[in-house]
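Student: Below you'll find the structure I mean.
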Amino acid sequence: MKKEVLRLTNEVVTLLRNGIFETLYMTLVSTAIAYFIGIPLGVLLYTTGEKGTGHNTLVNKTLGIIVNLIRSIPFIILLVAILPFTRLVVGTTIGSTATIVPLIVAAAPFVARMVESSLNEVDSGVIEAAVSIGSNPLQIIIKVLLPEAKPSLIVGSTIAITTILGYSTMAGFVGGGGLGAIAINYGYYRYKKDIMLITVVLLVIIVQIFQEVGTKLANKTDKRKKA
Amino acid sequence: MITLENVGKTFTTQDRVVEAVKNVNLQIEKGEIYGIIGFSGAGKSTLVRCINLLERPSVGKVFLGKTELTALTDAQLRRERSKMGMIFQHFNLFSQRTALRNVCYPLEIAGVSKKEAIQRAEKLLKLVGLEECKNSYPSQLSGGQKQRVAIARALATDPEVLLCDEATSALDPNTTISILDLLKRINNEMGLTIVIITHEMKVVEHICDKVAVLEYGTLVETGSVQDVFMAPKSQVAKKLIMPKGETTSSFENNKILRIVFDGQSSFEPVISNMILECHATVNILGANTENIGGKAFGQMLLQLPEDEIVIGRIKNYLDTIGIHYEEGGAPFDE
C-alpha cells in the first residue's frame, strides 16, 4: 500500500503541478476579464439605481433582470448551454482556455453586483461634496466613487476569485482542465481517493492564500481606520 | 452677490408632498456673513442646497451675481459651482485621500497641473493651520481638523461664496469658536461672502452680519443680527435667542423680562442699581453675553415679583436709563 502511494506521488507530481497552473490560469484570467466587464456594468447598475446620479428605472431594471437571469442559471448548466458560443470565441470546447469563456459569462454579472454593492456603500455626503465642487459624472465615478470604494472592492474581488475558483473545478465534467478535472477524472471516475484528497487539499490551500492576500490588501488600502 | 427669487422646493414621496422651502426671497451682499437660522426640519439645508443647486428649486430663480444659475445647462452650472465652495456638518472628506490630496481635488478637476495644485493646496493648508497634517488621512484627524481641511478644500478654486451647512454642529464649543474665527478671518482677508446655516444662535451672534430666520420652509424674519437680537419679531426668533437651560413650566407671561444690553451698559451694575432704585427683588433665570461685531452684547432673563406696581416701577426705571427690554414668556410655550 505504502509503495503504491509513493509510486503514485512520483507519477502525479507533474499532473498536479499542471493542474495547479491550469486552475490558477483559468481563475485569474477569467476574474480579470470578468472585472473588465463587471466594473462598467456595476457602475451602470449603480448610476441608474436609486442613489445614482443618472437614475433611470428602465435601464436599471432591464439590466438587473439580465444580471439576475444569468446568475440564477447553475454553472454546470451554463457551461454546457453556451458550448456553441465558447467554440465561436476560442475555437474549441475543451481545455482550460475553453473553460474561461463560461467562467466569464457566469462571473461578470456576479462581479457587477459586487461592484454595485461596494459603490452603494460610499457615503452619499462625499459624493454631494464632489458635486458641489463641480465634478462631472465621469469624474465622480473615476476620481471619487471607485477610489472611495476601493477597500470594499478588494474584499469583493476576494470573494469573486474564490467563487470563480470553485466554478472552474466543475469544468472537469466537460473536458476542462485544472485541479477539478484531476479530482473528477482520477478521484471520481477511477476511484483514486488519495488523488482526490490531494487536489481538495491543494484547492483549500489556494483559496486560503487568496483570502489572506485579499484581506491583507483590503486592510492596507483602507484609510478609514485609524492607523 | 446671491439673490433668491420666490424660491420653493417640493419633495414628492410615495404618499405625500412635502414643501421644504416656500417662496423664499433673499438678497445676500458681497462680503457679508449671512446666517440662516431655524430649528431642525425648518428647511435650512434644503435652502442652502438651492443656492448651489445641489437641490434644483421647484420654482423660482437663483442668481449668483448676474448669472441666473437656474437657467444654466449642467456643464455651465458645474463651472459656476467652482465659484461657490461648500462645507458640511459631517465634513464629507474623501476618506481614501490625504488632507493634501483632498485639497488638491477641486484643482485636479479644474485641470490645474499636479505640481501647481500641490503648491496651492499646501498654501491653503497653511492658511487653515494644518500644514503639519498634510499627509494624514481624514480618519487620523479630529473633527475640528477635518473641518479645516474641508474649508481649505472649499477654498481651493478661489470661490466668491462659501456655503456652510451646519458646519460647526458636530463640533464641541471651543472647536466651534475656532472654526468660526477662521471663517471670520477668511471673510476679512479674502472678502469672501459666507452663508451659514445653523440652528445655534451663538453661531449667528458670533460672526454673522445679517440673519434670516426660517420656519417651516418660510422666511419669517430677516435683518441685521443686532436688530433681530435686540428685538426679535417672530416667535421662532425669540425662542432661538433665549438663553438655554430654562424650564418652561414656571413662566407666567408678563413676569418674565428679557433685558438686552448694548455695548456700554453691560459694564454698569444695572441690575444692582435697579434693585436698589425700585426696592424690588428679582430672580435671574439666565444670562449670557456675547461679542457681536466688536461690542459686548448680552441678555438677561429676569423673573419679576407678582406686584404689578413694582413691575411698572422696574420698567419705568429701565426706560429712564435706556435699557432695551422685552416681556417674555410666550417663547417658552413649547
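Student: Could you tell me whether B:Thr157 is in contact with a Gly (Cβ under 8 Å, 6 or more places away or on another chain), under 20 Å from B:Phe91 (Cα atoms) and part of a loop (DSSP other than H, G, I, E, B)?
Tutor: So B:Thr157 passes the test.
Student: Checking the condition surrounded by fewer than 20 Cβ atoms within 10 Å (Cβ to Cβ) and without any contact (Cβ under 8 Å) to a residue 12 or more places away in the chain, which residue from A:Gly134, A:Gly91, A:Gly95, A:Gly175 passes?
Tutor: Only one candidate passes the filter, namely A:Gly91.
Student: State all residues of region A:47-82 that are at pLDDT 90 or above, within 30 Å of A:Ser135 (Cβ to Cβ), under 24 Å from the mean Cα position of the chain (by Cα) and surrounded by 15 or more Cβ atoms within 10 Å (Cβ to Cβ); if no residue qualifies, say none.
Tutor: A:Thr47, A:Thr48, A:Asn60, A:Leu63, A:Gly64, A:Val67
Student: For B:Glu131, all conditions in the list (1) surrounded by fewer than 18 Cβ atoms within 10 Å (Cβ to Cβ); (2) in contact with a Gly (Cβ under 7 Å, 6 or more places away or on another chain) hold save one; what is the number of the exception?
Tutor: It fails just one condition, (2).
Student: Can you find a residue that is in contact (Cβ under 8 Å) with a residue 24 or more places away in the chain, assigned to a helix (DSSP H, G or I) and within 30 Å of B:Gln89 (Cβ to Cβ) anywhere in region A:100-114? Outline the logic, then answer.
Tutor: Residues of region A:100-114 that are in contact (Cβ under 8 Å) with a residue 24 or more places away in the chain, as a first pass: A:100, A:102-114.
Checking which are assigned to a helix (DSSP H, G or I) leaves us with A:100, A:102-114.
Then keep just the ones that are within 30 Å of B:Gln89 (Cβ to Cβ); that gives none.
Within region A:100-114 (the criterion being in contact (Cβ under 8 Å) with a residue 24 or more places away in the chain, assigned to a helix (DSSP H, G or I) and within 30 Å of B:Gln89 (Cβ to Cβ)), the answer is no, since none of the residues qualifies.
Student: Here is a follow-up. What number of residues in region A:116-142 are assigned to a helix (DSSP H, G or I), charged (D, E, K, R) and more than 7 Å from chain B (Cβ to nearest Cβ)?
Tutor: Taking region A:116-142 and keeping what is assigned to a helix (DSSP H, G or I), we get A:116-120, A:124-133, A:137-142.
If we keep only those that are charged (D, E, K, R) as well, we get A:116, A:128.
Filter again for more than 7 Å from chain B (Cβ to nearest Cβ), leaving A:116.
The number of residues fulfilling the criteria is 1.
Student: Same structure again: Would you call A:Gly156 in contact (Cβ under 8 Å) with a residue 24 or more places away in the chain, within 30 Å of A:Leu79 (Cα to Cα), away from every other protein chain (no Cβ under 14 Å) and not β-branched (Val, Ile, Thr)?
Tutor: Judged against the criteria, A:Gly156 is a match.
Student: Please verify whether B:Ile87 is closer than 15 Å to A:Val131 by Cβ, touching a Cys at 6+ places or on another chain (Cβ under 9 Å) and assigned by TED's automatic domain parsing to the domain that holds B:Gly144, treating the condition exactly as stated.
Tutor: Answer is yes for this residue.
Student: Check A:Ala181, A:Ala218, A:Ala149 and return the single one that is buried (at least 18 other Cβ atoms within 10 Å of the Cβ) and more than 14 Å from chain B (Cβ to nearest Cβ).
Tutor: Going through A:Ala181, A:Ala218, A:Ala149 in turn, just one is buried (at least 18 other Cβ atoms within 10 Å of the Cβ) and more than 14 Å from chain B (Cβ to nearest Cβ): A:Ala181.
Student: Follow-up question, since we're still on this one. If you check B:Ala150 against the conditions, is it in contact (Cβ under 8 Å) with a residue 60 or more places away in the chain, within 19 Å of A:Ile140 (Cα to Cα), of a type in the set (A, V, I, L, M, F, W, C) and part of a helix (DSSP H, G or I)?
Tutor: yes
Residues checked against (1) farther than 24 Å from B:Val203 by Cα; (2) modelled with pLDDT of 70 or more; (3) not assigned by TED's automatic domain parsing to the domain that holds B:Gly322:
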position	(1), (2), (3)
B:Thr248	no, no, no
B:Glu252	yes, no, no
B:Phe261	no, yes, no
B:Ile271	yes, yes, no
B:Asn283	yes, yes, no
B:Gly286	no, yes, no
B:Gly294	no, no, no
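Student: Check region B:153-175 and report whether any residue there is small (Gly, Ala, Ser), surrounded by fewer than 19 Cβ atoms within 10 Å (Cβ to Cβ) and more than 11 Å from every other protein chain (Cβ to nearest Cβ).
Tutor: Yes, region B:153-175 contains a residue that is small (Gly, Ala, Ser), surrounded by fewer than 19 Cβ atoms within 10 Å (Cβ to Cβ) and more than 11 Å from every other protein chain (Cβ to nearest Cβ).
The values are calculated or read from the model by the stated rules, or taken from the named source; none is laboratory data. Just so it is clear, the structure is predicted and the values come from calculations on it, not from any experiment. With ideal geometry, Cβ positions are generated from the backbone for all residues, glycine too; neighbour counts draw on all protein chains shown.
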